Amino acid sequence: MVELTDNALKALRARYLLKNERGMVVETPDQMMRRVARHIASAERIYKKDPQEWEEKFYNLLANLKFLPNSPALMNAGKEIGQLAACFVLPVEDSMEGIFGTLKSAAKILQSGGGTGFSFSHLRPRSDIVRSTMGVASGPVSFMRIYNTATDVIKQGGARRGANMGILSVTHPDILEFIRAKREAGELANFNISVAVTDKFMGAVKKDKEYYLVNPRTGGRMRKIRAREVWDEIVACAWETGDPGLVFMDVINRYNPTPQAGSFESTNPCGEQPLLPNEACVLGSLNLSKYVSGDDVDYAALERDINTAVRFLDDAIDVNHYPLPEIEVMHKSNRKVGLGVMGWADILILLGIRYDSRAAFDLARKLMRFINEKGHKASESLASEKGEFPNFKGSIYDWPGAPKIRNATVTTIAPTGTISLIADCSSGIEPLFKIAFKRLVLDTELLEVNKYFVRMAKERGFYSDQIMQQVMKKGTLRGVKGIPAAIKDIFRTAHEIAPGDHIEMQAAFQKYTDNAVSKTINLPERATRADVARAYMMAYDKGCKGITVFRYGTKKRGTLVKLTEYTNLADVVD
């Protein structure tokens with residue numbers, strides 16, 4: 001039987017559990033886990049394996065909250081819609097048929113619960129010629145607004161609002177308009193936007209040189225511009241609004257596992273999953289808080305569950321109901337999966353390690369290296385049992401004597417969002433946002449107080465209603481008297497951690513992650529534009545594949561707010 005918190009139950013009822021035509025919940029969480037496990041395990045029949053054996057293994061992994069797949073799999077497995085992937089990238093071609101054909105495809109994906117990424121870099125710039133009508137083009141940003149409006153009216157599977165990533169190459173003539181696109185309140189609200197920057201551009205920034213803007217329609221150079229002029233505008237807008245982020249596209253393509261199948265141009269909405277055009281990926285995350293044994297990680301248990309989780313994600317590819325045939329072909333050709341982690345802040349707390357410490361960075365590298373290596377071994381084992389991915393020939397794995405592998409990629413660090421709420425753990429590899437806060441899931445406001453802090457306060461004898469009220473009012477332990485310094489150290493929250501340490505953590509995980517890493521680089525309200533610039537450059541120099549910053553006190557972003565009002569204290573902390 002699945003053991004869940006009240007907040008997890010509220011989220012499941014709001015989003016995940018089956019409902020009848022009257023909107024009434026007709027499924028228990030245990031039945032949901034069984035539904036998902038049974039549907040995913042049914043893929044084993046394709047390979048003449050026993051689905052019941054794997055149904056039990058999958059169910060036990062889910063029911064113990066050690067691993068959860070991305071939300072579409074929990075919502076849609078075993079249902080008629082049957083769409084299990086969270087991440088998609090669609091091509092946007094430079095024609096009316098291409099632009100609106102992609103919008104139609106995106107609508108199907110958004111409705112099924114997926115998120116879409118687009119590169120608008122192939123669209124001709126504003127005021128360029130349109131020979132078919134003898135008119136002039138309106139440019140990529142104008143079409144992004146149309147996509148945004150369409151997304152606004154699509155309710156994903158009755159449970160998720162649409163989410164998009166919009167990317168434009170730094171060499172596009174409309175790059176400055178794109179960078180400034182989200183300065184107006186409410187503009188492109190359904191988009192995260194990122195600039196695709198190259199090594200050449202980053203070098204030009206460092207040396208204060210000019211570079212050429214290129215018309216994508218003709219391939220011709222249009223004009224030169226100072227790299228630092230563009231860089232300063234990126235920094236200024238990110239400081240003001242949190243957008244745009246940066247995607248280091250040359251870095252991403254250096255690690256492309258299937259260069260013979262195409263190049264990366266975009267990512268999913270949160271940036272952790274670079275994908276080829278018309279490609280999808282199913283993600284899932286291990287709950288690290290479940291793998292603490294004494295003062296260390298239980299690596300043996302973790303390895304067993306990595307093997308099961310990789311098989312789960314691979315099976316999901318075969319039973320997925322794809323929204324478009326071309327996506328099915330591409331996904332099954334590369335068989336990319338994204339196994340990641342959640343509960344990172346929790347495991348550090350349980351081991352008594354401060355988030356922004358050398359010990360934490362070292363453990364991040366050690367742990368992710370273990371997960372990546374064991375994940376690849378699991379994929380190699382699947383290849384010997386079920387066959388390698390079809391695009392194996394010509395891939396980075398195709399060299400004499402190398403073992404075959406089932407999946408072109410195995411690991412991804414996703415933000416985890418609501419699945420970490422269901423698993424009752426911290427999200428992704430983020431530090432704690434607050435010790436106490438409210439979370440909005442659709443129209444349901446959920447109250448959360450960190451269970452480890454409450455437990456330690458009681459065990460170590462400093463728990464009191466007065467302390468708890470202060471913590472709940474502040475959201476952090478800073479300035480609260482009566483709490484030992486060592487406890488304050490390991491319960492540091494996101495805005496108490498220096499930007500450089502956020503980036504150091506992202507880089508530590510990225511070193512041993514096939515795809516990319518979703519991580520917010522939190523900046524204090526007092527941070528300057530120069531601080532943003534340093535963070536962006538540090539992320540590039542550290543080998544990250546992208547970066548997003550958020551300066552506290554800019555625009556309202558996300559669903560987390562400091563807790564300032566609450567009901568009965570005992571209802572919250574016990």
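The values are calculated or read from the model by the stated rules, or taken from the named source; none is laboratory data. Remember, it's a predicted structure, so these values are computed and weren't measured experimentally. When we count neighbours, we look across all protein chains shown, and the Cβ atoms used for this are built from the backbone with ideal geometry, even at glycine.
In the range 196-249, which residue that is touching an Asp or Glu at 6+ places or on another chain (Cβ under 6 Å) and surrounded by fewer than 14 Cβ atoms within 10 Å (Cβ to Cβ) is farthest from ARG529 (Cα to Cα)?
Per the criteria, the residue is LYS224.
List every residue pair whose Cβ atoms sit under 7 Å apart, with the two residues 6 or more apart in sequence or on different chains, where the first one lies in the range 29-57 and is more than 25 Å from LEU4 (Cα to Cα) and β-branched (Val, Ile, Thr) and the second, anywhere, is assigned to a helix (DSSP H, G or I) and modelled with pLDDT of 95 or more.
Between residues of the range 29-57 that are more than 25 Å from LEU4 (Cα to Cα) and β-branched (Val, Ile, Thr) and residues that are assigned to a helix (DSSP H, G or I) and modelled with pLDDT of 95 or more, the close pairs are ILE46/ASP318.
So which residues in the range 213-250 are at positive phi and under 31 Å from the mean Cα position of the chain (by Cα), if there are any at all?
Listed by number, the list holds a single entry, GLY242.
(1) more than 21 Å from the chain's Cα centre (by Cα); (2) closer than 22 Å to ARG254 by Cβ; (3) in contact (Cβ under 8 Å) with a residue 60 or more places away in the chain: which one isn't true of HIS172, the others all being true?
Every listed condition holds for HIS172 apart from (3).
Of all residues in the range 1-46 being basic (Lys, Arg) and at pLDDT 95 or above, which is surrounded by the fewest Cβ atoms within 10 Å (Cβ to Cβ)?
By that ranking, first place goes to ARG45.
Taking the range 199-258 on its own, how many of its residues are closer than 30 Å to VAL136 by Cβ and among the aromatic types (Phe, Trp, Tyr)?
4
Conditions tested, residue by residue: (1) buried (at least 23 other Cβ atoms within 10 Å of the Cβ); (2) under 18 Å from ASP514 (Cα atoms); (3) at pLDDT 95 or above; (4) touching a Ser or Thr at 6+ places or on another chain (Cβ under 8 Å).
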{"site": "THR267", "(1), (2), (3), (4)": "yes, yes, yes, yes"}
{"site": "GLY271", "(1), (2), (3), (4)": "yes, yes, yes, yes"}
{"site": "VAL282", "(1), (2), (3), (4)": "yes, yes, yes, no"}
{"site": "SER285", "(1), (2), (3), (4)": "yes, yes, yes, yes"}
{"site": "LYS290", "(1), (2), (3), (4)": "no, no, yes, no"}
{"site": "ASN307", "(1), (2), (3), (4)": "no, yes, yes, yes"}
{"site": "ARG311", "(1), (2), (3), (4)": "yes, yes, yes, no"}
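Which ones in the range 313-329 are in contact with a strand residue (DSSP E or B) (Cβ under 9 Å, 6 or more places away or on another chain) and either free of Cβ contacts under 8 Å to residues at least 12 places away in the same chain or outside any helix (DSSP H, G or I) (or both)?
Those that are in contact with a strand residue (DSSP E or B) (Cβ under 9 Å, 6 or more places away or on another chain) and either free of Cβ contacts under 8 Å to residues at least 12 places away in the same chain or outside any helix (DSSP H, G or I) (or both): ASN320, TYR322, PRO323, LEU324, GLU328.
How many residues does the range 66-90 hold that are in contact with a strand residue (DSSP E or B) (Cβ under 9 Å, 6 or more places away or on another chain) and among the charged types (D, E, K, R)?
1
Check the range 240-254 and report whether any residue there is closer than 28 Å to ILE413 by Cβ, part of a loop (DSSP other than H, G, I, E, B), acidic (Asp, Glu) and not assigned by TED's automatic domain parsing to the domain that holds PRO323.
Yes, some residue in the range 240-254 is closer than 28 Å to ILE413 by Cβ, part of a loop (DSSP other than H, G, I, E, B), acidic (Asp, Glu) and not assigned by TED's automatic domain parsing to the domain that holds PRO323.
Could you list, ordered by first residue, the pairs with Cβ atoms under 9 Å in which the first is in the range 218-236 and within 26 Å of LYS182 (Cβ to Cβ) and the second is among the hydroxyl-bearing types (Ser, Thr, Tyr) and surrounded by fewer than 15 Cβ atoms within 10 Å (Cβ to Cβ), at least 6 apart or interchain?
MET222/TYR212; ARG223/TYR212; ILE225/TYR212
Would it be correct to say that THR520 is under 26 Å from ARG369 (Cβ atoms), at pLDDT below 95 and under 22 Å from the mean Cα position of the chain (by Cα)?
So THR520 passes the test.
Looking at ALA516, is it surrounded by 16 or more Cβ atoms within 10 Å (Cβ to Cβ), in contact with a Cys (Cβ under 9 Å, 6 or more places away or on another chain) and not assigned by TED's automatic domain parsing to the domain that holds ASN192?
Yes.
Restricting attention to the range 150-157, does a residue exist that is of a type outside the set (D, E, K, R), farther than 19 Å from SER105 by Cα and surrounded by fewer than 18 Cβ atoms within 10 Å (Cβ to Cβ)?
No, the range 150-157 contains no residue that is of a type outside the set (D, E, K, R), farther than 19 Å from SER105 by Cα and surrounded by fewer than 18 Cβ atoms within 10 Å (Cβ to Cβ).
Among (1) crowded, with 21+ Cβ neighbours inside 10 Å; (2) within 17 Å of the chain's Cα centre (by Cα), where does LYS511 come up short?
(1)
Taking the stated definitions as given, is SER395 at pLDDT 95 or above, among the hydroxyl-bearing types (Ser, Thr, Tyr) and either over 25 Å from LYS290 (Cβ atoms) or assigned to a loop (DSSP other than H, G, I, E, B) (or both)?
Taking the combined requirement at face value, the residue satisfies it.
Checking ASN253 against (1) buried (at least 18 other Cβ atoms within 10 Å of the Cβ); (2) under 22 Å from the mean Cα position of the chain (by Cα); (3) not hydroxyl-bearing (Ser, Thr, Tyr), which test does it fail?
Status for ASN253: all satisfied but (1).
When you scan the range 90-108, do you find a residue that is of a type outside the set (A, V, I, L, M), assigned by TED's automatic domain parsing to the domain that holds SER384 and at pLDDT below 95, even just one?
No, because not a single residue in the range 90-108 is of a type outside the set (A, V, I, L, M), assigned by TED's automatic domain parsing to the domain that holds SER384 and at pLDDT below 95.
Determine which member of the set ARG369, ARG354, ARG358 is in contact with a Phe, Trp or Tyr (Cβ under 8 Å, 6 or more places away or on another chain) and modelled with pLDDT of 95 or more.
Of the residues listed, the single one that is in contact with a Phe, Trp or Tyr (Cβ under 8 Å, 6 or more places away or on another chain) and modelled with pLDDT of 95 or more is ARG369.
Within the range 124-147, track down each residue that is within 17 Å of LYS104 (Cβ to Cβ) and either at pLDDT below 80 or crowded, with 19+ Cβ neighbours inside 10 Å (or both).
Once the filter is applied, which keeps residues that are within 17 Å of LYS104 (Cβ to Cβ) and either at pLDDT below 80 or crowded, with 19+ Cβ neighbours inside 10 Å (or both), the range 124-147 yields PHE143, MET144, TYR147.
Anything in the range 538-549 that is in contact (Cβ under 8 Å) with a residue 24 or more places away in the chain and not in a loop (DSSP other than H, G, I, E, B)? List them, or say none.
MET538, ALA539, TYR540, GLY546, ILE547, THR548, VAL549, listed by residue number.
Can you confirm whether VAL471 is at pLDDT below 90, outside the structural domain of ASN307 (by TED's automatic domain parsing) and among the aliphatic types (A, V, I, L, M)?
no
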